[in-house]
């Protein structure tokens, strides 16, 4: 009996230790076709709420104080603002035409938005609620990454196949780096030394030295039994310690795990269909993936590098963030 | 009485009609066309002038002129059709691609100019080619029937040019009649047929009744379906010529005559799917809901294999559809797409080689390093053996994208896209 109690106590301790890191964390998923945000408990992985928002919600980011979620409502040409305490929509922000995805500047005051139809990057001042600058870039701007110090904006343009580096002070394009076809996502390393750019049609991830603005390595992928055409890299995550990278491979239905020092592919994790975007929880023990065709998210254990669960969400999940 | 007149590139007629949202009367279409020709001549002169002065400023080092050559067609709004074909079909695709190229060109210091050479109706495209040659064109996108492409290509003035075929699906152009300076961005009939038959085989609708119209294009389309059926082990139960004279629909109670005729045509035959070879859309629209047994229709009507379709929205295609709508005020067709892909191929080669030297660009374009993102998932490139742009083929009706071929499971040693059309081991193309 005493042993049993001891075991139970030990179990409870272990269990609470595991769940502690994710206690109170919330996973937020935009559903492009469902026009909703799905809210999940990061620990139990239960869907707690489904909130109707504007049309074609794609990119989502948290406000700096984590109290609001900004949502690119692409077909409404605006940024929806969701209060994460009340789960009520607040008045929307302007965005320029057809906002697809965006990034929040580290100052927490400006959103940098890709206007896919107009070949523009729009800068929105959140407090002033207006577009304060427009920067012409290549055809179909998409991925948006801001350096950790906030000085450099990287925007990828899909049809032009470039990563444009924008100086945040002058708001001028200062460098254009040609990458492989249809670049989708730009992700900075936490030290600001590199940014990684995925090319959906080219099938590669270019590692770019941020100071030299040159490609220093190209990661390629090969999965036995999967045609090369199906390997379409999109979302990227890099751990803060720069040990691991994760790359969503689209219709290959896998997430590649990269050694972020050697750039070798360590393994491929089978997730849902057409895996698109990725998000860490705050201690980076979990990766959440949106799977656009199977209408679910997959949960990856970062320590074991195993997919531990998939959870149905709304119609065509696109973006994902985790609120601590 | 036969009302249908337009025959210029009959092969893609179905595509032009399919995805064109507005009906225009004959008079208006012709008037628009006339205006378009005059405008293009004026614009052509202005452009030549403008680019001349621009060249003077920049030394002309980073400018690339792309020619677009087609022939004005008399396009009546034919009786069974609900939508008249657009006057700027093909050309609008080229114009959009020039704009796309120039957006990229801002960052690479390259600029692209489209020079339009439209031969008048009944005139000789050779005169337009002469003008293109005089303007120093090295990349020429054409939307012409196969015979006229071959005639142009034989001219000494075409010797230094790379010609893109963005209109003719004829397999002969990729086989016995292939030319070393000819690239094809429009899918061949063999590719279209393979795309369709792969899907039919996937659905296990392998018993095909083939209804064939009276034109040469119809015959070639049916031949391509037969070849695909053999390739993918489907069965042509019967190849039946359609000889019933169209025209009853406008007659009061004409639908009874059509119903009786289609029922008779399909009665007593055991088949899964009725495949129509009717590139001019003379009778294909009569067939649905009239067959003796309830059977789906595919081919040039019903479920249509095509390079581009209005309901297509995947792989970012929505963006291209939106840009095109904004530019042309209508939906993109397969011929628009083919012209767009040709001009984009020129732009992509210029970007990747960081060169505006046509010889450098063409060499790269034909190499295995070249790839073009065409919004259809897999990357496109030119087949080394016949100059055809390998690409996924859409299967769509007017309202729905049904599938995209190659179908999963049709495997290939090197590239699954080469399960569509004529592969290297079977090519009859020997470049001269």
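The values are calculated or read from the model by the stated rules, or taken from the named source; none is laboratory data. In this text the structure is predicted, and so the values were computed from the model without any measurement. Quick reminder, even Gly has a Cβ in these numbers, built from the backbone with ideal geometry, and neighbours come from all protein chains shown.
Key figures for this structure:
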| read-out | value |
| --- | --- |
| Flag if residue B:209 is modelled with pLDDT of 95 or more, touching a helix residue (DSSP H, G or I) at 6+ places or on another chain (Cβ under 8 Å), surrounded by 15 or more Cβ atoms within 10 Å (Cβ to Cβ) and in a strand (DSSP E or B) | yes |
| Condition check for residue B:307: within 11 Å of chain A (Cβ to nearest Cβ) and closer than 24 Å to residue B:200 by Cβ | no |
| Output for the stretch B:97-117, where each listed residue is more than 15 Å from residue A:139 (Cβ to Cβ) and under 25 Å from the mean Cα position of the chain (by Cα) | B:113, B:114, B:115, B:116, B:117 |
| Subset of the stretch A:31-79 (residues that are over 22 Å from residue A:96 (Cβ atoms), in contact with a strand residue (DSSP E or B) (Cβ under 6 Å, 6 or more places away or on another chain) and in contact (Cβ under 8 Å) with a residue 60 or more places away in the chain) | A:31, A:36, A:38, A:40, A:42, A:45, A:47, A:50, A:66 |
| Matching residues, the stretch B:147-179, being under 14 Å from the mean Cα position of the chain (by Cα) and either part of a loop (DSSP other than H, G, I, E, B) or surrounded by fewer than 22 Cβ atoms within 10 Å (Cβ to Cβ) (or both) | B:166, B:167, B:168, B:169, B:170 |
| In the stretch A:222-266, the residues that are within 14 Å of another protein chain (Cβ to nearest Cβ) and more than 21 Å from residue B:410 (Cα to Cα) | A:233, A:234, A:249 |
| Count of the stretch B:349-363 residues which are surrounded by fewer than 24 Cβ atoms within 10 Å (Cβ to Cβ) and within 14 Å of another protein chain (Cβ to nearest Cβ) | 5 |
| Top-ranked residue of the stretch B:381-417 - restricted to ones that are within 9 Å of chain A (Cβ to nearest Cβ) and not in a loop (DSSP other than H, G, I, E, B), ranked as farthest from residue B:334 (Cα to Cα) | B:416 |
| Qualifying positions in the stretch A:80-103 - within 13 Å of residue A:123 (Cα to Cα), out of contact with any helix residue (DSSP H, G or I) (no Cβ under 8 Å at 6 or more places or on another chain) and free of Cβ contacts under 8 Å to residues at least 60 places away in the same chain | A:93, A:94, A:95, A:96, A:97, A:102, A:103 |
| Residues located in the stretch A:290-324, provided they are out of contact with any strand residue (DSSP E or B) (no Cβ under 8 Å at 6 or more places or on another chain) and free of Cβ contacts under 8 Å to residues at least 60 places away in the same chain | A:293, A:303, A:304 |
| Selected residue [at pLDDT 95 or above, out of contact with any strand residue (DSSP E or B) (no Cβ under 6 Å at 6 or more places or on another chain) and within 16 Å of residue B:275 (Cβ to Cβ)] from B:204, B:138, B:239 | B:204 |
| Residues of the stretch A:218-228 classified as in contact (Cβ under 8 Å) with a residue 24 or more places away in the chain and either in contact with a helix residue (DSSP H, G or I) (Cβ under 6 Å, 6 or more places away or on another chain) or more than 24 Å from residue A:156 (Cα to Cα) (or both), total | 2 |
| The stretch B:159-174, subset at pLDDT 95 or above and out of contact with any strand residue (DSSP E or B) (no Cβ under 6 Å at 6 or more places or on another chain), residue nearest to residue B:401 (Cα to Cα) | B:169 |
| Single residue of the stretch A:135-146 satisfying the filter (within 14 Å of chain B (Cβ to nearest Cβ) and within 16 Å of residue A:100 (Cβ to Cβ)) that is nearest to the chain's Cα centre (by Cα) | A:143 |
| Inter-residue pairs, beta-carbon under 9 Å, first in contact (Cβ under 8 Å) with a residue 12 or more places away in the chain and more than 8 Å from every other protein chain (Cβ to nearest Cβ) and in the stretch B:314-339, second surrounded by fewer than 18 Cβ atoms within 10 Å (Cβ to Cβ) and not in a loop (DSSP other than H, G, I, E, B), 6+ apart | B:314/B:401; B:327/B:99; B:331/B:325; B:332/B:325 |
| Enumeration of residues in the stretch B:271-283 that are closer than 17 Å to residue B:200 by Cβ and touching a helix residue (DSSP H, G or I) at 6+ places or on another chain (Cβ under 9 Å) | B:272, B:273, B:274, B:275, B:276, B:277 |
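Table: residues versus (1) out of contact with any helix residue (DSSP H, G or I) (no Cβ under 9 Å at 6 or more places or on another chain); (2) farther than 21 Å from residue B:388 by Cβ.
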{"residue": "B:110", "(1), (2)": "no, yes"}
{"residue": "B:114", "(1), (2)": "no, yes"}
{"residue": "B:132", "(1), (2)": "no, yes"}
{"residue": "B:136", "(1), (2)": "yes, yes"}
{"residue": "B:141", "(1), (2)": "no, no"}
{"residue": "B:153", "(1), (2)": "yes, no"}
{"residue": "B:164", "(1), (2)": "no, no"}
